[in-house]
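Chemist: Sharing a structure below in C-alpha cells format, with a few things to ask.
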Amino acid sequence: MAITVNGKTRPLGDAKTLAELLAALGVNASRKAVERNGQIIPASDLPTTPVADNDQIEIIQFVGGG
Amino acid sequence: MNALIIAGHTFHSRLFIGTGKFGSHDLMRQAIEASGCELVTVALRRVDLDKNPEGDPLLSKLDPEKVVVVPNTSGARTAEEAIRIARLARAAGGFDWVKLELTPNLHHLLPDPIETLKAAEVLVKEGFKVLPYINADPVLAKRLEEAGTAAVMPLAAPIGSNLGLRTRDMLEIIVANARVPVVVDAGLGMPSHAAAAIELGADCVLVNTAIAAAADPVGMAKAFAKAVEAAEEGLNAGPRAARAGAEASSPLTGFLWQTENR
C-alpha cells in the first residue's frame, strides 16, 4: 500500500482519510490546499475523504513570491 | 491622478510589493508596513514534507485588514497549470484575486501571451479578479481587458533584471488606450524607475526584487513609496509639456548693460 505525496512515493500507513494522512505527515492543515488525484478537496471535506492505495496527493502552501 | 480602484477596491498607495526573496518574514512585514503598500503577491508551492511539514507561516505575517493578498501562478507553463494554481489558492486561502504569471522559459521568464489570454478567459468566468502579467504588448493588453481582467500588468524589463523602463514606448501606448488600471510590473530597479512609470501614465507599480534584495529592504521600500508619491504629486501639480529648444526662465529684458538709445 503506497501513495504519492508531493511527487514522492510513501507508504500509506494507518491513515484512512486525508485529515489523518496530513496529521501523520505533521502538516498543519490551516491555509493549505489539498488535491487528491487531481481533484481539489475543500478543507471541510478532509476528515471524510478517504485515502487509498496509489492515490496521488498534493499538499500546497503559500510562500513568498513576486 | 484619479483614485486607484481595481475590481472595486480602492488603494491608497501606488506601490505594490512582491513577497519573494526577503531575508526573513519579519523584514518583509516591516518593508510592507513602512511603505504603506496595500497589495502584495504571494506564490504557491508544495509543502516540504521532509524539512518543514508544518508549512511556511507567510500568511500569518500579512494583515488581511491592511493588504490585499494576490496569489500568483508562478511556475505555470500552460493555461491549464495556471488555472489549477488559481483554484488551489482559492481553496486554500479563499483568495479570489490572482496574478496570472505564465513563464514557460526559465531563462528569460517572459510571459506566454497565448496561454495567459486562455487562462484569463476561464478564470474571469469563474469570478476571479485577474491581474495578468504580460509583455508590454498594447494589443494583448486590450484583448485581456476585453476578456474582463481587472487590470493589466505589463513588464518594464525582464523579472529581477533591475533594468528599468525598457518598454517605455509600448507602455505609453498601453496607458493611452487602457480602460482598466495599468500596473507596471517587473524589472524596476530604482525608485526613479517607479516614478517614471507613474509619470508616463501607469496607475501603479509592482516591485519585488529591487526591494527584497536591497541591502536595506525597509529603507528601499520607503524610497519606492516616496518615489511614486512624488510622481503623483508632480502630475497633480500640472507639469508643463516638454518642448524642443529653450524657453528662458529669467526675464529677457532689463539687462544691466543695455543702454537707452539702443
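The values are calculated or read from the model by the stated rules, or taken from the named source; none is laboratory data. Please read all numbers here as calculations on a predicted model, not as lab measurements. Cβ coordinates were reconstructed from backbone atoms using ideal geometry, including for glycine residues, and neighbour counts include every protein chain displayed.
Chemist: Would you point out which residue out of B:Ile17, B:Ile5 is under 15 Å from the mean Cα position of the chain (by Cα), facing another protein chain (nearest Cβ under 10 Å) and either under 20 Å from B:Val207 (Cβ atoms) or surrounded by fewer than 16 Cβ atoms within 10 Å (Cβ to Cβ) (or both)?
Modeler: The conditions single out B:Ile17.
Chemist: Within segment B:220-249, work out how many residues are exposed (fewer than 13 other Cβ atoms within 10 Å of the Cβ) and not aliphatic (A, V, I, L, M).
Modeler: Of the residues in that region, 9 qualify.
Chemist: Got at least one residue in segment B:225-233 being of a type in the set (Lys, Arg), more than 18 Å from B:Glu38 (Cα to Cα) and away from chain A (no Cβ under 14 Å)?
Modeler: no
Chemist: Have a look at B:Ala136, B:Ala86 and point out the one that is among the hydrophobic types (A, V, I, L, M, F, W, C), buried (at least 23 other Cβ atoms within 10 Å of the Cβ) and part of a loop (DSSP other than H, G, I, E, B).
Modeler: Going through B:Ala136, B:Ala86 in turn, the sole match is B:Ala136.
Chemist: So is B:Asp48 acidic (Asp, Glu), free of Cβ contacts under 8 Å to residues at least 60 places away in the same chain and within 11 Å of chain A (Cβ to nearest Cβ) or not?
Modeler: yes
Chemist: Give the residues of segment B:163-193 that are within 17 Å of B:Val228 (Cβ to Cβ) and part of a loop (DSSP other than H, G, I, E, B), sorted by residue number.
Modeler: B:Gly164, B:Leu165, B:Pro181, B:Ala186, B:Gly187, B:Leu188, B:Gly189, B:Met190, listed by residue number.
Chemist: Would you be able to say whether some residue in segment B:63-74 is in a loop (DSSP other than H, G, I, E, B), touching a strand residue (DSSP E or B) at 6+ places or on another chain (Cβ under 7 Å) and more than 9 Å from every other protein chain (Cβ to nearest Cβ)?
Modeler: yes
Chemist: Is there a residue in segment A:27-42 that is of a type in the set (Gly, Ala, Ser) and surrounded by 15 or more Cβ atoms within 10 Å (Cβ to Cβ)?
Modeler: yes
Chemist: So for segment A:26-49 (the condition being among the small types (Gly, Ala, Ser), more than 7 Å from every other protein chain (Cβ to nearest Cβ) and more than 29 Å from B:Lys99 (Cβ to Cβ)), does at least one residue qualify?
Modeler: No, that holds for no residue.
Chemist: Here is a follow-up. Considering segment B:161-209 alone, what residues qualify as being within 14 Å of chain A (Cβ to nearest Cβ), crowded, with 24+ Cβ neighbours inside 10 Å and either out of contact with any helix residue (DSSP H, G or I) (no Cβ under 9 Å at 6 or more places or on another chain) or in contact (Cβ under 8 Å) with a residue 40 or more places away in the chain (or both)?
Modeler: Result: B:Val183, B:Asp185, B:Ala186, B:Val205, B:Leu206, B:Val207, B:Asn208.
Chemist: Could you count how many residues in segment A:50-62 are in contact with a helix residue (DSSP H, G or I) (Cβ under 6 Å, 6 or more places away or on another chain) and either of a type outside the set (Val, Ile, Thr) or within 11 Å of chain B (Cβ to nearest Cβ) (or both)?
Modeler: The total comes to 2.
Chemist: A further question follows. Determine whether B:Glu33 is at pLDDT 95 or above, surrounded by fewer than 17 Cβ atoms within 10 Å (Cβ to Cβ) and either more than 10 Å from every other protein chain (Cβ to nearest Cβ) or over 17 Å from B:Met190 (Cα atoms) (or both).
Modeler: yes
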